[in-house]
Amino acid sequence: MEKTLVQMTSEIVAAQAGSGRVSPDELAASIHQVYAALVEVQEREQCAKTETEGEATGLGYLRANPQKSVTRNLVFCLECGMKFKQLTSRHLTTHGLTPLEYRAKWGFSKRQPLVARQLSAQRRKTALDNRLGERLAAARRQRLAG
């Protein structure tokens, strides 16, 4: 269980007061100084933790290099930092964008798929295995002939 700032302050001041004579005014001033110092340390730790979490997600880095947001296994939304296998129009509407607007905003080409490369390759393999391209061509020829 973590100690509170008040508990830590009381322990520190008690240790200081135990080493020599301290007047009540000095004791009160010492309590305020130690507490203020502990609050400052805690705030610095919080800021450092927030910065390292931001670096861990790399959202700033990805925004500077949008092409890196489409990886082998994931696609990172550059608006919120969430991870997906496919960045859908449904998600983009939560940011008030269409896929075309998203691509334009972040500098992707209009034809850039917002899908993880592995998922795209898996779909391509399935389409080739099932000969979907050949079936589509045959259906088009039949429609034109018919």
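Every number in this text was worked out from the coordinates using simple rules, so none of it is lab data. Nothing here was measured: the structure is a model prediction, and the numbers come from that model. Heads up, the Cβs are rebuilt from the backbone with ideal geometry, glycines too, and the neighbour counts pull from every protein chain shown.
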Exercise for the section: Pull out the extension gain between Leu38 and Thr94, defined as 0.36 nm times the separation in residues minus the alpha carbon to alpha carbon distance; nm, one decimal. Expected result: 16.1 nm
Problem - Gln16 versus Ala28: modelled label distance in nm, points set 7 Å from Cα along the beta carbon direction - result: 1.5 nm
Practice task
Within 10 Å, count the other beta carbons around each residue, average over each peptide in 118-125, 98-105, and list them highest first.
Solution key: 98-105, 118-125
Completion exercise
Evaluated at 20 °C and 1.002 mPa s, the Stokes-Einstein D of region 16-146 based on the Kirkwood radius over Cα pairs, in µm²/s, stands at 107 µm²/s
Practice task
Would you mind checking which residues have amide H under 5 Å from Leu97's amide H? H placed 1.01 Å from N; only 5 or more apart, or other chain.
Solution key: none
Problem - the chain: relative contact order as a whole-number percent, Cα under 8 Å and 6+ apart - result: 15 percent
Practice task
Can you tell me how much longer the chain between Asn73 and Ala104 gets when fully stretched, taken as 0.36 nm per residue apart minus their C-alpha distance, in nm with one decimal?
Solution key: 8.9 nm
Problem - Principal-axis tilt of helix 117-129 within the chain, Cα atoms, nearest 10 degrees - result: 20 degrees
Handout entry: Partners for Lys68 among lysines (Cα-Cα distance below 16 Å; same-chain residues under 8 apart left out)
Key = Lys83, Lys85, Lys105
